Amino acid sequence: MTAMQRVNDFVVRFANVNGSGSASANRLFAQSILRMGVPATPRNMFPSNIQGLPTWYEVRVSEAGHCGSRGGTDLMVAMNSQTFEKDVEGIEPGGYLLYDDTKPARGLRHDITVLGVPLTDLCNREYSDPRQRQLFKNIVYVGALSALLDIEPAVIEQLIAEQFRAKEKLIPANVKAMHLGRDWTLQNLPCPIGLRIRRSDRVGDRIFIEGNAAAGLGAVYGGATVCAWYPITPSTSLAEGFSRYVKRYRAEPETGRTRAAIVQAEDELAAIGMVIGAGWNGARAFTTTSGPGISLMQEFLGLAYFAEIPSVIFDVQRAGPSTGMPTRTQQCDVMACAYASHGDTKHVLLFPQDPHECFTFGAQAFDLADRLQTPVFVMLDLDIGMNDRLCAPFAWDDSRRMDRGKVMSAEDLDAARDFGRYRDSDGDGITHRTYPGTHPTKGAFFTRGTSRDEYARYTEDGAIYQHNMERLLRKFETAKQMVPCPIRRDAPEGARYGAIYYGSTAPAMDEAVEILDEDGIALDTLRIRAFPFHDDVLRFVAEHDRVFVVEQNRDAQLRTLLVNEGEIDPARLLRVLHYDGTPITARLIVAAIAQAISDAKIVPLRKPAPKVAS
């Protein structure tokens, strides 16, 4: 057996038990690699119970900057006897296994390097308290890893000092535990192994933040003053992040009181009702939820669409239907949000790919909601929302002002000869509105969720209803020019095939393109960032005989939207799907596309591609 030899390019996977206190130690390990200037991307895969079930934490080390899940494990830190044999099976040939050899293990392989450290014995000798033994065991294996991977101990010591700065008495004990594991490993095992961390400068000025926190900060910068929400995994930390940032940036200097209302509602239906009420009253308001919450909000979302009230919904998607897998990732709410509520509705969706876009789209969503007077969905998922990711630093133009759209003042109302709340005077489908209390006598803020005429007067006249519904379609067309445009990579020369992707598939897709190019398959790609689809999306499809649509759900929901909204021949769009709850990998994308091409399933269409007006 030849042991794996790699520098700054490998995957470490921790297998733990939920509730064992391992999360902070595993994060400490990931941060230590970043502090040495090497890009690292952690992913926490945890069960939906409180304690006792298996949990995994994966750290991809990639000096090249690949942050998508690669697939496979090069070094397994196996700390869970329940999953030990399966964890060992997942190690790449030539890889490494680090485990607690206080007790003998079964299922060891001959094609990997086995590294046994008596973690339990070390902790039993050093600590008498059972809880201390468990908690410090995690720090001990971080110390062992520092020796095996050649991580500088001073880096870990500094991180421990920062982590426990509020509880300084814990710093010496944790540093001691780290050196306990490091010293034993240096004395008893060959160090370093074939996997090594070498100092680099590839992290640069990038920041390390989770998508939910970034979106919460984006809501602050977007001018949100009302957050109504109900706790649900995996979106809870977004509302909590907004609350933290509000206290930091929206507090009155004298009193410390925050200029925002944050309400934990009794359920998701109440939460979206509060958001719509606040939006009607002129506040910038949002809720944060996941798929089950979207299901409960349907009727109120129809009210906001038809009454034309600005509101923002952050949907951090998880695996459904029903309760599904609450702590697993998917992109499975696309159709539910695009056509949310009964009747004919179409909603604006934004698809951020990383925390940086969670911040920028989180802020932009409020401008879009005001300008379009409609609900706007920001479509995160668990992989983006609950995992820390390296991304470009956030930037903000201090001269930027909130765009409230077509809001009339009292003077505007007095000057208007014939104002109608639902009259399209500009031809773009967007009407004018006012805030309550703007004018002492002219109730231009009046609105309805029932059928009405241009003056908001109730009517069931079919022609008037149809005219209003067609105006809402015009507004949706106008939205195409307001939402973020798709991004097209520089197409490789001779690219015959196209691929469309969105959201959290982006890191794996970017890496897959490089691998396919090395294998002689040139792929032209387009990342969709919003719905409604910009005309560039339809042009892209028209330029290729076949286009792969890469997404993380069973029913190819984005592909369905493309077929429905673009009137595209379904045969032109080929599915590349992944929906087991884990993040999609470059390996899966490469295998699916290469297999489809090699099987000669892609042949030129007999009929010409549809023409799209420029």
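Overview of values
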| quantity | calculated |
| --- | --- |
| Residue among Ile521, Ile528, Ile515 that is buried (at least 21 other Cβ atoms within 10 Å of the Cβ) and in contact with a helix residue (DSSP H, G or I) (Cβ under 7 Å, 6 or more places away or on another chain) | Ile528 |
| The listed residue being under 25 Å from Val348 (Cβ atoms) and either surrounded by 15 or more Cβ atoms within 10 Å (Cβ to Cβ) or modelled with pLDDT of 95 or more (or both), out of His432, His439 | His432 |
| Residue list for the stretch 319-330, filter: in a loop (DSSP other than H, G, I, E, B) and surrounded by fewer than 24 Cβ atoms within 10 Å (Cβ to Cβ) | Gly320, Pro321, Ser322, Thr323, Gly324, Pro326, Thr327, Arg328 |
| Any pair with Cβ under 8 angstrom, 6 or more apart, that starts in the stretch 159-182 at a residue that is under 14 Å from Leu135 (Cα atoms) and ends at one that is surrounded by fewer than 20 Cβ atoms within 10 Å (Cβ to Cβ) and charged (D, E, K, R) | Val175/Glu157; Ala177/Glu126; Met178/Glu157; Leu180/Glu126 |
| Complete set of residues in the stretch 565-587 that are surrounded by fewer than 19 Cβ atoms within 10 Å (Cβ to Cβ) and within 25 Å of the chain's Cα centre (by Cα) | Glu565, Arg575, Leu577, Tyr579, Asp580, Gly581, Arg587 |
| Test: residue in the stretch 390-411 that is surrounded by 13 or more Cβ atoms within 10 Å (Cβ to Cβ) and on the phi > 0 side of the Ramachandran plot | yes |
| Yes/no for Ile160 being surrounded by 18 or more Cβ atoms within 10 Å (Cβ to Cβ), under 30 Å from Ala508 (Cβ atoms) and not assigned by TED's automatic domain parsing to the domain that holds Gly503 | no |
| Tally, over the stretch 546-564, of residues that are more than 16 Å from Arg527 (Cβ to Cβ), touching a strand residue (DSSP E or B) at 6+ places or on another chain (Cβ under 8 Å) and not aliphatic (A, V, I, L, M) | 4 |
| Qualifying residue in the stretch 454-472 (condition: touching a Leu at 6+ places or on another chain (Cβ under 6 Å), on the phi < 0 side of the Ramachandran plot and in contact (Cβ under 8 Å) with a residue 12 or more places away in the chain) | no |
| Unique residue being surrounded by 15 or more Cβ atoms within 10 Å (Cβ to Cβ), aliphatic (A, V, I, L, M), within 17 Å of Cys191 (Cα to Cα) and out of contact with any strand residue (DSSP E or B) (no Cβ under 8 Å at 6 or more places or on another chain) when the list is Ala147, Ala177 | Ala147 |
| Of the criteria (1) surrounded by fewer than 22 Cβ atoms within 10 Å (Cβ to Cβ); (2) under 22 Å from Thr585 (Cβ atoms); (3) in contact (Cβ under 8 Å) with a residue 40 or more places away in the chain, which one Ser48 fails | (2) |
| Where a residue in the stretch 79-107 is among the basic types (Lys, Arg) and its partner, wherever it lies, is surrounded by fewer than 21 Cβ atoms within 10 Å (Cβ to Cβ) and not in a loop (DSSP other than H, G, I, E, B), with Cβ under 7 Å and at least six apart | Arg106/Glu85 |
| Top-ranked residue of the stretch 331-362 - restricted to ones that are among the small types (Gly, Ala, Ser) and surrounded by fewer than 24 Cβ atoms within 10 Å (Cβ to Cβ), ranked as farthest from Trp280 (Cα to Cα) | Ala336 |
| Failed item, numbered, when Gly204 is tested on (1) at negative phi; (2) surrounded by fewer than 24 Cβ atoms within 10 Å (Cβ to Cβ); (3) within 25 Å of the chain's Cα centre (by Cα) | (1) |
| The stretch 97-139, subset outside any helix (DSSP H, G or I), among the hydroxyl-bearing types (Ser, Thr, Tyr) and out of contact with any Gly (no Cβ under 8 Å at 6 or more places or on another chain), residue farthest from Val77 (Cα to Cα) | Ser128 |
| Helices (runs of 4 or more DSSP H) lying entirely in the stretch 340-438 (those with 1 or more residues that are within 17 Å of Arg529 (Cα to Cα) and out of contact with any strand residue (DSSP E or B) (no Cβ under 7 Å at 6 or more places or on another chain)) | 355-372, 382-385 |
| Spans of strands (runs of 3 or more DSSP E) in the stretch 1-87 with at least 2 residues more than 21 Å from Gln353 (Cβ to Cβ) | 9-17, 54-62, 73-78 |
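The values are calculated or read from the model by the stated rules, or taken from the named source; none is laboratory data. All of these numbers come straight from a predicted model, not from anything done at the bench. Because the Cβ atoms are built from the backbone with ideal geometry, glycine has one as well, and the counts that use them run over all protein chains shown.
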